[in-house]
Every structure is written in structure tokens, then in C-alpha cells.
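Structure first, commentary second.
The values are calculated or read from the model by the stated rules, or taken from the named source; none is laboratory data. Just so it is clear, the structure is predicted and the values come from calculations on it, not from any experiment. Please note: Cβ atoms are built from the backbone with ideal geometry, for glycine as well, and neighbour counts cover all protein chains shown. Ligands, DNA and RNA are stripped out before the accessible areas are found, and what is left, the full protein with its side chains, is counted by its heavy atoms. Shrake-Rupley method; radii C 1.70, N 1.55, O 1.52, S 1.80 Å.
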Amino acid sequence: MLYDPTEHRIRSFVTRAGRLSTAQARALEELGPKYLVEYKREALDLEAAFGRKAPVILEIGFGMGDTTAHIARLMPEKDFIGVEVHTPGVGSLLKQIGEQGITNLRLIQHDVVEVLNHMIADGSLAGVHVFFPDPWHKARHNKRRLIQPPFVKVLCDKLAPGGYLHCATDWEDYAVQMLDVLGNEPQLQNTAEGYAPQPAYRPLTKFENRGLKLGHGVWDLVFTKK
């Protein structure tokens, strides 16, 4: 199970069967034992997981992992934990880890709320990335959106003072909600007057590039913990 079924709450994802490519399946088998961290209801020893002491960035919902791999390569002085529930995405990122020789990245395949509650110590993260979370665009599904006040409070607890939260979305009404939720969290401070310029470390995805050419907007929000 990728979540605890006894925890009765609204989830921001649905589990679905995805088709694994041969290369993804091989990466899971060969690289999973080294880079995939098993979910446990106990605090993860970050130094032991990476074999060193370094700032740790958590990425929530990394999809197929292209952005995560890019940023991990760009910042070898930092360590990254990617959390994703969908198996093809996990296999894809493991494949990239192997092909690109990335050593500062570990993956957890589990519900991020439970990972945060049980595996990540308070004040232990230097940053959190939430890029293009499911917008749940139908009004009746908005309650499933990840960026809600209780969840942001948990993220703030896990961040060290001065740590940052970087969200990005291509749904304007979700961007408005994010700005409202983050702006009303007393532990956070906006780094911009409203939406932030796209930080140089976040690459444009193929999907995002296509959307921009069609005139769609993308909104970045970068807040720091006071």
C-alpha cells in the first residue's frame, strides 16, 4: 500500500496502475535497493541515507522526474528526497539517476503526508519543491488540492528557519489559492510582492513550454520560513 488505509482523510492523489517500460522496470530492480528508501513510521536518518551532512530539499510529486534530476545535478552540494506514488515515475527517475550518475537523490514511493508526519523531523529541511501539483480543477474536487492551510503548516514545521517553499502551477485559480494560503501562514514570508520570477534552477518542462506557446500562464511562488 502507498498509504495507510486506516488514516481517513481526503487525499490529493488517486492510485492508478501505470504501464512500466522495460527500462523503468530494470531501473527499479537494479537501482531501487540503493536509491529507493522504504517508508517506515520512524524518523529517517538523513545523514545515513546520503552518507554525508548537507542541506536537504524535499520534492513532492516529481512525476517522471526530469525536473528533479536536472535540479539535483545542478546542485551537487545539496541532497534531494523525491516523493511520488506512481510507479512509472519512480522507475523513470531511477533510470535517470543511473544514466546521469546522480548520487545526491533518494526516492520514497508513498503518500507524502504520511512521509512528512512520520519520517521527516521538524526543522530538518532546507527547502520544499511542489511543482505543478494536480489542480483538481473541477470545483467539487478543489478540496483534494494539496496546498491547503493544514498541509502548509506541516511543511513549515519541517522547514528549518530560513528554509524555503517553492510552488509552481499553470492553473491561475490554483495560483490565486496558493498565494492566499501561503500569504496567510504566519510562519512564512513572501520573497516577492506577489508571484515570484521563475528561479533559474527550475527548468521549463516540455508540457510547460507547449502551454506558454499557446499563451497559458505559469505562476511561481517562493516563500521563506521566518
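Odds and ends about this structure:
- Residue ID - surrounded by the fewest Cβ atoms within 10 Å (Cβ to Cβ), chosen from residues in the range 112-138 that are within 30 Å of Glu172 (Cβ to Cβ) and among the aliphatic types (A, V, I, L, M): Ala126
- For the range 175-193, filtering for residues that are surrounded by 11 or more Cβ atoms within 10 Å (Cβ to Cβ), touching a residue at least 12 places away in the same chain (Cβ under 8 Å) and either of a type in the set (A, V, I, L, M, F, W, C) or assigned to a loop (DSSP other than H, G, I, E, B) (or both) leaves 10.
- Taking the criterion of being part of a strand (DSSP E or B) and open to solvent by 30 Å² or more (accessible area, probe 1.4 Å), the only residue of the range 26-57 that qualifies is Leu36.
- For Ser92, the requirement of being among the hydroxyl-bearing types (Ser, Thr, Tyr), crowded, with 20+ Cβ neighbours inside 10 Å and at pLDDT 95 or above is met.
- Looking only at residues in the range 155-172 that are open to solvent by 40 Å² or more (accessible area, probe 1.4 Å) and not small (Gly, Ala, Ser), the one that is farthest from Ala196 (Cα to Cα) is Asp157.
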